[in-house]
Each structure stands twice: as C-alpha cells, then as structure tokens.
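Any read-out appearing in this document is the output of simple, stated calculations on the displayed coordinates, not a laboratory observation. No experiment lies behind these values; they were computed from the predicted model shown. Here the Cβ is made from the backbone with ideal geometry for all residues, glycine too, and neighbour counts use every protein chain on show.
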Amino acid sequence: MRRSTLAEWAGGVSLPGYRVASGGVSTLPPGKVSHDEGRHVHPDPEIFLILSGTGRLHLDGEESGFAAGDVLVVDPGEDHHLEAVTEVVTTWLHLEPVPLHPEPVP
C-alpha cells in the first residue's frame, strides 16, 4: 500500500499502465467496516481518496490510521478494509490495465 495526500496529486490521480474501470463515493458511519465479509482483494490496484473523516486501514492484518486528505493506493492482492472512527466519506477507484494495443473506435 502506498500513502500520500490529495495535495501531492494536484496534477491528477493516475497510475501509469492503468485506467479507471469503476468507482464511486461511499459513506461509512462510525464503527462500520467497508468490507466485513472476510478477505477482500483485487487483481488490480484500488485508490481511495479520503474526502472527510478519520479511520483505520486494515491491510494484510496490520492497522494504520487515515484522515481527510489522504490518498491510499492498495496494490493488487492486498487484503484491505476501511474502518470508520468518525463518519468517513471516500471516493474509491478500481483500476484495470491499459491494453497495449487498444481496439480502434469505429
């Protein structure tokens, strides 16, 4: 997992070789966990933009805090869950590899 701040991404949020496949905005009430169904991993990176609130990131069995303004880049295969301490609003982005030879647009 890589951590930075929104200010450090002022030129835009992107990872070379990937594009956004899907995303959304989620709100977690205090005490709630983003994925409480057990192990939660993806084959590609996921980016969380923490818009407001504070919480804990559970990553491969370890915990670390996060707060509004943080950008969390979860690498492929990392088991991750966000836990809200205060109400947390986050934008999440699931990424996918950019094809080496994109199909032509008709």
The chain: most fluctuating residue of Pro16, Pro76, Pro43 per GNM, C-alpha cutoff 10 Å: Pro16
Stretchable slack from Leu15 to Thr86, in nm (0.36 nm times residue separation minus alpha-carbon distance): 22.7 nm
Base-10 log of normalised Debye intensity for the chain (one unit scatterer per alpha-carbon) at q = 0.11 Å⁻¹: -0.35
Long-range HN-HN contacts of Val88 with modeled amide H, under 5 Å: Leu28
Contour excess over end-to-end distance, with Cα ends at Glu78 and Glu62 and 0.36 nm allotted per residue: 4.7 nm
Burial ordering of Trp92, Trp9, fewest other beta-carbon atoms within 10 Å first: Trp9, Trp92
Burial ordering of His42, His80, His35, fewest other beta-carbon atoms within 10 Å first: His35, His42, His80
Selected from Gly23, Leu59, Pro45, residue furthest toward positive end of dipole (segment 1-70; charges at beta carbon): Gly23
